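Step one of this worksheet: look at the structure below.
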Amino acid sequence: MALVTALAESVAGTGGVAPETPVRPGRRGAGAWRYAVLAVLGVYFLVPIAASVWYTVRERDGVSLGTYAEIPSAEGFADSFTRSLALAGLTVVLALLLMVPTVVLVDLRLPRLRTTVELLTLMPLVLPPIALVVGVRSVLAWAPDYFLNTWLAEAFFALQEPALPWILVLVYVVLALPFVYRALDAGVRGRTSGP
């Protein structure tokens, strides 16, 4: 019993022992270079934006927001705006329909495939977007040359319909995959590993 008491006292006393090497105090001004870098980056990004806004509001008589007031009434604005909203909504829905079951399945049933799925979803970051666009354009150009008067040509033409270009939805989904997968994976893993 005395041995257990001595052991408990020695363990309880270890919390008050000073560390062998003292903790190095922080240096003053150590973070100043960070603020300088942020200031340079801020100027780098904000100056072109400010210049473009100044260009649009500047007139001979002074400053006017008339250009911005004319945007909603411009010809074709409503159609383009609603088409953009439809493309964005379809992209979100399709990306979630594709990735939510994938993330849940990988997390619950196939954890060995996590690395493979991560690599596949990171491919749009490895492949430059311009290469993806050129590749899609080349494939869509095959329709009149090789598949004319077939169902495949009709499918290619339907994907490029100007009223709602589904090919843009598919390309946007591919480009969004890394971000959608990371967000969903972090949420699911945090939920399953939490209390």
Q: Would you mind getting me the FRET efficiency between Leu38 and Ala158? Use the beta-carbon distance for r and R0 = 45 Å, nearest 0.05.
A: 0.40
Q. How many nm separate the modelled label positions at Leu119 and Asn149, each set 7 Å beyond the Cα in the direction of the Cβ?
A. 4.5 nm
Q.
If I model a spin label as a point 7 Å beyond the Cα along the Cα-Cβ vector, how far apart are those points for Leu105 and Glu75 in nm?
A. 5.0 nm
(Q) Is the C-alpha gyration tensor of segment 46-195 telling us rounded, prolate or oblate? Criteria: a/c under 1.5 is rounded; beyond that, a/b larger than b/c is prolate, otherwise oblate. (A) oblate
Q | Under the Karplus curve 6.51 cos²θ - 1.76 cosθ + 1.60, θ = phi - 60°, whole-Hz ³J(HN,Hα) for segment 132-142, x wherever Gly or Pro sits | A | 5, 5, 5, x, 5, 4, 5, 5, 5, 6, 5
Q: With a Förster radius of 30 Å, plug the Cβ-Cβ distance of Tyr55 and Ile130 into 1/(1 + (r/R0)^6) and report the FRET value to the nearest 0.05.
A: 0.65
Q.
I need the shape label for segment 67-119. Rule: rounded when a/c is under 1.5, else prolate if a/b > b/c, else oblate, with a, b, c from the alpha carbon gyration tensor.
A. prolate
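Values quoted throughout were computed directly from the atomic coordinates according to the rules given, and no laboratory measurement underlies them. Remember, predicted model here, so these are calculated numbers, not experimental data. Because the Cβ atoms are built from the backbone with ideal geometry, glycine has one as well, and the counts that use them run over all protein chains shown.
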